[in-house]
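Before any comments, here is the structure.
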């Protein structure tokens, strides 16, 4: 056999080997692409799961906190009423004021806010109207008096404010 024929045969053999390797590479590459795609999907699902779990934990925390705070609010009301009472014992009154301030600081540290009332426009999502009066000097649906303070955490109302509304 001549060297030229050997060379042509070697080229043909090499071409066949390259084609066989490419045929082997294509399924492997397809498999790698499939695995990569599945990995990306699982990773995205996991990220969504983490976000959803975080939101659920926050909602659960706020719900439990609201329930606990709701049971403490009558104590806050009684302390506020005790501060309003006139007494000759100033140390006693200062003690009540300090306890009330401390309790309000704890509520504030947990994200509990008082709902604004007097001078605000009546909002049924925040306020509970217990009375209505006609007063031309006041605006439409303006709150003129507060019977009981309301509280909220974030956008969630723990207890509605009991108010008197004008007009």
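Observations on the model:
- Along principal axes, Cα extents of the chain, largest first, whole Å: 127, 43, 20
- Spacing of the two label points (7 Å from each Cα toward its C-beta) at residue 148 and residue 113, in nm: 2.2 nm
- Here the Debye sum runs over all C-alpha atoms of region 65-129 as equal scatterers in vacuum, and log10 of I(q)/I(0) at q = 0.17, 0.19, 0.28, 0.29 Å⁻¹ comes out as -0.75, -0.88, -1.19, -1.21.
- log10 of Debye I(q)/I(0), alpha-carbon scatterers only, for region 114-167 at 0.17, 0.18, 0.29 Å⁻¹: -0.44, -0.49, -1.09
- Contact order relative to length of region 114-167, as percent, for alpha carbon pairs under 8 angstrom and 6 or more apart: 47 percent
- Helix 90-109 and the longest principal axis of the Cα set of the chain meet at an angle near 20°.
- Computed label-point distance, nm, for sites residue 60 and residue 156 using a 7 Å Cα→Cβ extension: 1.2 nm
- Beta bridges per DSSP, both residues in region 114-167: antiparallel share near 60 percent.
- Per-residue [θ]222 nm for the chain (sum of -39500 (n - 2.57) over DSSP H runs n ≥ 4, rounded to 500): -23000 deg cm²/dmol
- DSSP-defined antiparallel bridges as percent of all bridges, the chain, nearest 5: 65 percent
- Sequence-distant contacts, meaning Cα pairs under 8 Å at least 6 residues apart, place the relative contact order of the chain at 17 percent.
- Degrees separating the helix 3-84 axis from the principal Cα axis of the chain, which is the longest one: 10 degrees
- Extension gain, residue 85 back to residue 13 (0.36 nm per residue minus Cα-Cα distance, nm): 15.3 nm
- Choice from 74, 27, 124 with maximal GNM fluctuation in the chain (Cα, 10 Å cutoff): 27
- Extension reserve of the residue 30-residue 71 stretch, reckoned as 0.36 nm per residue once the Cα distance is removed: 8.6 nm
Taken together, the values in this text are just the output of simple stated rules run on the coordinates, not laboratory data. Just so you know, these numbers come straight off a predicted model, no measurement behind them. Please note: Cβ atoms are built from the backbone with ideal geometry, for glycine as well, and neighbour counts cover all protein chains shown.
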